[in-house]
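Worksheet for the structure shown next.
The values are calculated or read from the model by the stated rules, or taken from the named source; none is laboratory data. Quick caveat: nothing in here was measured; it's all calculated off a predicted structure. Cβ sites come from the backbone with ideal geometry, for glycine too, and all protein chains shown count toward neighbours.
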Amino acid sequence: MKRYRGEALRPNPRLALVTNDNLGNFVITTPLMQMLRARHGGTLDYYGGTRVMELAEPSDLVDRAFPLHGCDPREAARELAAAEYDLVVNVEWTTWAKTATALLSGPGTFVCGPCLGEEGRSDMPFPDDETGNLWNDQEWLAEDITGKYRSLDSGWIAEIFCRLAYLEGPVPGYKLPTVAPTDSVPDVWVSASASLPEKLWPLENWLVIIAALKSEGLRVGLLGAKPSNQTKYWKGGSDEDKLVEAGVEDHRGAFSLPGVVGAISAAKLVVTLDNGILHLASATPTRLVGLFREGIHRLWAPPNPNLRVIHPGPEEAVSSISTTAVMAAIHASRS
């Protein structure tokens, strides 16, 4: 295997993409998948995880999807050893992802991203160029990142991934499979859970916002994982239960992931933390208000005209964001 530096591949190459299985990570790699296919053609296999298979399998960007994360590692090892690609792109830093990238690569494979070296003793060095420096940098939250790297027009993580794969030109938006709802949906969707406690917003603030929306005659519904699965991966489930007790329509786990995209598309507004729902909503034209941690917004908030980003001041927590600021963003999104 050898480091990829933007070379042209043979006609109809076999491409592989390795990620983790967070919903947001699948969504933010859909621009990368679109640009890989446009640049190289051929086929693209996706190695993600069990949590994103509902999105990956029906996606027209993916020829084949395999649940690298969440299946028996012995089964995965057999699968990986049987495959060989022209180009493997890995955007995940775990040892398992780096091992998988090496197993997917033969002597003639180009490798882009973190990967174990041929002897498995250390990581394969990145190229000695600006792209390799960006891989090594990892200070992607820096405000001056576009000044440090000429290839970047923004600090948006989806663009960073595309440039790390030596892809040039405009970066497309997110692209997800969609299933339209069969019944009417609420006017407003909210999502109050997240992967980390520091992403959460106080319950009393959510209650203020929801009361204000309902006073305008709007139906408010809750999106998220099934309550039985909530504690496996996310925080904030108890707050969501209290929102349901306060009269928010409970639609947690009611839709497939493409169905969530369709349900969001049919609504008027989404108000959410920085979580999977935010990224699914970012693939739709529906107005969206997202609460981010300071600095994280520069990396993870897509440059979408329908998205209003709210974040606290430096050194402040998401919990310090006021209900006044959120209501102002909701009203501004209607203009």
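Below is a table of values for the structure above.
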| read-out | value |
| --- | --- |
| Among residues of the range 9-36, those that are surrounded by 23 or more Cβ atoms within 10 Å (Cβ to Cβ) and part of a loop (DSSP other than H, G, I, E, B), counted | 2 |
| Per-region count, the range 206-220, residues surrounded by fewer than 19 Cβ atoms within 10 Å (Cβ to Cβ) and either under 29 Å from Ser256 (Cβ atoms) or touching a helix residue (DSSP H, G or I) at 6+ places or on another chain (Cβ under 9 Å) (or both) | 6 |
| Boolean, Phe126 is over 16 Å from Arg64 (Cβ atoms), surrounded by 13 or more Cβ atoms within 10 Å (Cβ to Cβ) and either of a type in the set (Gly, Ala, Ser) or in contact with a helix residue (DSSP H, G or I) (Cβ under 6 Å, 6 or more places away or on another chain) (or both) | yes |
| Pair list, Cβ < 7 Å and 6+ apart or interchain, from the range 67-80 residues that are closer than 18 Å to Thr19 by Cβ to residues that are surrounded by 13 or more Cβ atoms within 10 Å (Cβ to Cβ) and among the hydroxyl-bearing types (Ser, Thr, Tyr) | Leu68/Tyr47 |
| Criterion violated by Ala100 - all others in (1) of a type in the set (Gly, Ala, Ser); (2) assigned to a helix (DSSP H, G or I); (3) without any contact (Cβ under 8 Å) to a residue 24 or more places away in the chain satisfied | (3) |
| Within the range 185-266, helices (runs of 4 or more DSSP H) holding 1 or more residues that are at pLDDT 90 or above | 203-215, 237-245, 257-265 |
| Set Pro67, Pro107, Pro114, Pro58: member being surrounded by 13 or more Cβ atoms within 10 Å (Cβ to Cβ), assigned to a loop (DSSP other than H, G, I, E, B) and out of contact with any Pro (no Cβ under 6 Å at 6 or more places or on another chain) | Pro114 |
| Matching residues in the range 31-78 - criterion: being more than 23 Å from Ala165 (Cβ to Cβ), among the charged types (D, E, K, R) and over 18 Å from the mean Cα position of the chain (by Cα) | Asp72, Arg74, Glu75, Arg78 |
| Leu44 crowded, with 22+ Cβ neighbours inside 10 Å, out of contact with any Ser or Thr (no Cβ under 8 Å at 6 or more places or on another chain) and part of a strand (DSSP E or B) | yes |
